[in-house]
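Enquirer: One structure follows; several queries about it will come next.
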Amino acid sequence: MEKVSEKQMTTDVIEEQTDYAAWDTHPPDAEPQRQFYYMELCRRWLKEQQDRLGRPLTAAVITFGCQMNARDSEKLRGILENIGYEMSDTEAADFVIYNTCTVRENANLRVYGRLGRMKHEKEKNPDKRIALCGCMMQESEVVEKLKKSYRFVDIIFGTHNIFKMAELIFRRICEDHMVIDIWKDTDMIVEDLPNDRKYSFKTGINIMFGCNNFCSYCIVPYVRGRERSRQPDDIIREIEQAVSDGVVEVMLLGQNVNSYGKTLAEPISFAQLLRRICRIEGLLRIRFMTSHPKDLSDELIQVMAEEPKICRHLHLPLQSGSSEILKRMNRRYTKKDYLELVDKLRKACPDISLTTDIIVGFPGETEEDFLETMDVVERVGYDSAYTFIYSKRTGTPAAVMDDQIPESVVKDRFDRLLKKVQEKAAAACERFEGRTEMVLVEEINSQDPHLVTGRLSHNLVVHFPGDASLIGHLVPVKLTECHNFYYMGERA
Ligand code: 5AD
Ligand code: SF4
């Protein structure tokens, strides 16, 4: 008897299922029209599911890694919202997408850890869908591992085709198995897709994608592809649109913004682009990252000195203070070049904040090499520094170099470096104590609701009494007390 009713049930289910593939009648070839078409199909599907379940379906984008990824996630969120998902921040959502990073091994391990927990969640919620995208997916070993050991993942795509998410979601709706779409590289830049800004008053703006530098430790050129710049008119149009929506601060993003525009049919320098962006009315602050010291031009330093909208902060990755290590890192500058550049910058913009990235334990790093790094930190006096333990990335030249450094030695150097960085940062921070500076208010203080938190042009953080009405406004604040790496202040 059970047999009959079981068969009956199966038949019923099959009869009820919509033939979603039949909806896909006339996909446009051109982008972004094609994606808007697939968003519409996904919207229809989602509506059906919500009617069936009698509740809204939720989606969450979980981001790992750098500002580029944060920006990509805003675009992913924009697409999901357009489809009709209710956005959430938690992995309990019905659709969870991990935007992954692979710059260091740790980033990969964290993703596998999170995924492990998702398997169980998916068993509890049959409507749950899991997607993975971003840098880690550009590595073929990762995709192989996912195909073998993480069969429950629904959609996998990479860094070059995030604009295609709606199309891939729809494919997953039609095909009852894992959908994988990874591009090796692209010269395509798709403009004008929806996006959902995390903050109403500030946003990242991609000005270029990819990297051609091939620093010997770095996996980014392999997973983000060759350098390509957006057209200046497209960038300006996007910023103007953002400003008309209330944005007052932009962060121009690229792996190496100093080489912006070199590959365009009508070449333009990064400094020239900045001049054009400074003319945008209503835009109050401009930041950019990341600058490669080898490409930082005198023209750029001059623009920074002359244009008040450009923030008094530069992130200038050092990586190592040893010219020998820098050579093997393929950084194409020496310790002397770097220090001269810092002098030039300080001459042009006297109180500029400098921040940096430093890697400890690159293959072959001797104690003397390490002391050269400590020496640069001492001399430059960074406002802050991101310090990283070297992580071996398969496929990069450094991964097969001799003399990988033992963990205990690296750890000891790392601790000494961190101590020095913190001491110097605390001293650097003190230089503004007592001064009044313009502050862009970002949020209510997370620990004390009577305080708001904002940032100086120099990127330093200040907490001072205020309320939500100040968020997104530039206000003068007296920096009354310096606490190592932030200030307490009061409205001036
Ligand atoms: N190991 C450690 N740190 C790395 N970075 C890039 N690749 C590696 C690696 N293999 C650091 C660099 C870079 C920052 C974004 O990440 O310092 O500037
Ligand atoms: Fe990696 Fe060097 Fe390119 Fe930065 S400039 S993304 S460190 S290869």
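The values are calculated or read from the model by the stated rules, or taken from the named source; none is laboratory data. Because the structure is predicted, anything quoted here is derived from the model rather than measured. Here Cβ is always computed from backbone atoms with ideal geometry, including for glycine, and neighbour counts include all displayed protein chains. For the accessible areas, the whole protein counts, side chains as well, though only heavy atoms, and no ligand, DNA or RNA atoms are used. Shrake-Rupley method; radii C 1.70, N 1.55, O 1.52, S 1.80 Å.
Enquirer: Select, from Leu318, Leu341, the only residue that is in contact with a strand residue (DSSP E or B) (Cβ under 9 Å, 6 or more places away or on another chain) and under 30 Å from Glu306 (Cα atoms).
Expert: Leu318
Enquirer: Just a yes or no: is a residue in the range 348-357 at pLDDT below 95 and more than 16 Å from ligand 2 (Cβ to nearest atom)?
Expert: yes
Enquirer: Could you please give the count of residues in the range 216-234 that are near ligand 2 (Cβ under 9 Å from one of its atoms), modelled with pLDDT of 95 or more and in contact with a strand residue (DSSP E or B) (Cβ under 7 Å, 6 or more places away or on another chain)?
Expert: 1
Enquirer: Of all the residues that make up the range 113-139, how many are touching a residue at least 24 places away in the same chain (Cβ under 8 Å) and farther than 24 Å from Arg52 by Cα?
Expert: Matching residues across the range 113-139 total 11.
Enquirer: If you take the residues of the range 93-115 that are aliphatic (A, V, I, L, M) and in a helix (DSSP H, G or I), which of them is farthest from Asp176 (Cα to Cα)?
Expert: Ala107
Enquirer: Moving on. In the range 336-360, which residues are in a loop (DSSP other than H, G, I, E, B) and either of a type in the set (Asp, Glu) or within 16 Å of ligand 1 (Cβ to nearest atom) (or both)?
Expert: Hit for the range 336-360 is Asp351, nothing else.
Enquirer: Pull up the range 244-264, narrow it to residues that are touching a Gly at 6+ places or on another chain (Cβ under 8 Å), of a type outside the set (Ser, Thr, Tyr) and outside any strand (DSSP E or B), then point me to the one that is surrounded by the fewest Cβ atoms within 10 Å (Cβ to Cβ).
Expert: Ranking the candidates gives Gly246 first.
Enquirer: Then there is this: Considering the range 374-419 alone, what residues qualify as being within 12 Å of ligand 1 (Cβ to nearest atom) and assigned to a helix (DSSP H, G or I)?
Expert: Matches in the range 374-419: Pro397, Ala398, Ala399, Val410, Phe414.
Enquirer: From the list Leu41, Leu53, which residue is aliphatic (A, V, I, L, M), surrounded by 15 or more Cβ atoms within 10 Å (Cβ to Cβ) and more than 16 Å from ligand 1 (Cβ to nearest atom)?
Expert: After applying the criteria, what remains is Leu41.
Enquirer: Identify all residues within the range 382-403 that are surrounded by 15 or more Cβ atoms within 10 Å (Cβ to Cβ) and either β-branched (Val, Ile, Thr) or farther than 27 Å from Gly225 by Cα (or both); write none if there are none.
Expert: Selection gives Tyr382, Asp383, Ser384, Thr387, Ile389, Thr396.
Enquirer: Another question about this same structure. Considering only residues that are surrounded by fewer than 19 Cβ atoms within 10 Å (Cβ to Cβ) and closer than 15 Å to Val61 by Cβ, which ones fall in the range 125-144?
Expert: Hits for the range 125-144: nothing passes.
Enquirer: Go through the range 164-193 and report how many residues are closer than 17 Å to Glu139 by Cβ and open to solvent by less than 10 Å² (accessible area, probe 1.4 Å).
Expert: The qualifying residues number 0.
Enquirer: Would you pick out the residues in the range 446-492 that are assigned to a loop (DSSP other than H, G, I, E, B), open to solvent by less than 30 Å² (accessible area, probe 1.4 Å) and within 17 Å of Ser200 (Cα to Cα)?
Expert: Gly472
Enquirer: Consider Asp196 carefully, then state whether it is open to solvent by 30 Å² or more (accessible area, probe 1.4 Å), more than 18 Å from the chain's Cα centre (by Cα), in contact (Cβ under 8 Å) with a residue 12 or more places away in the chain and more than 16 Å from ligand 1 (Cβ to nearest atom).
Expert: No, not satisfied.
Enquirer: What are the pairs with Cβ atoms under 7 angstrom where one residue, in the range 362-378, is among the acidic types (Asp, Glu) and the other, located anywhere, is buried (at least 21 other Cβ atoms within 10 Å of the Cβ) and modelled with pLDDT of 95 or more? Sequence gap at least six, or different chains.
Expert: Glu365/Ile325; Asp369/Ser320; Asp369/Ser322; Asp369/Ile325; Glu372/Gly321; Glu372/Ser322; Asp375/Gly321
Enquirer: Got a number for residues in the range 116-134 being outside any loop (DSSP other than H, G, I, E, B) and at pLDDT below 95?
Expert: Number satisfying all stated conditions: 9.
Enquirer: Just checking, does the range 72-94 include any residue being hydroxyl-bearing (Ser, Thr, Tyr), farther than 26 Å from Thr18 by Cα, more than 16 Å from ligand 2 (Cβ to nearest atom) and open to solvent by 50 Å² or more (accessible area, probe 1.4 Å)?
Expert: yes
Enquirer: Within the range 295-306, count every residue that is crowded, with 16+ Cβ neighbours inside 10 Å and either part of a loop (DSSP other than H, G, I, E, B) or free of Cβ contacts under 8 Å to residues at least 40 places away in the same chain (or both).
Expert: Residues that pass the stated criteria total 3.
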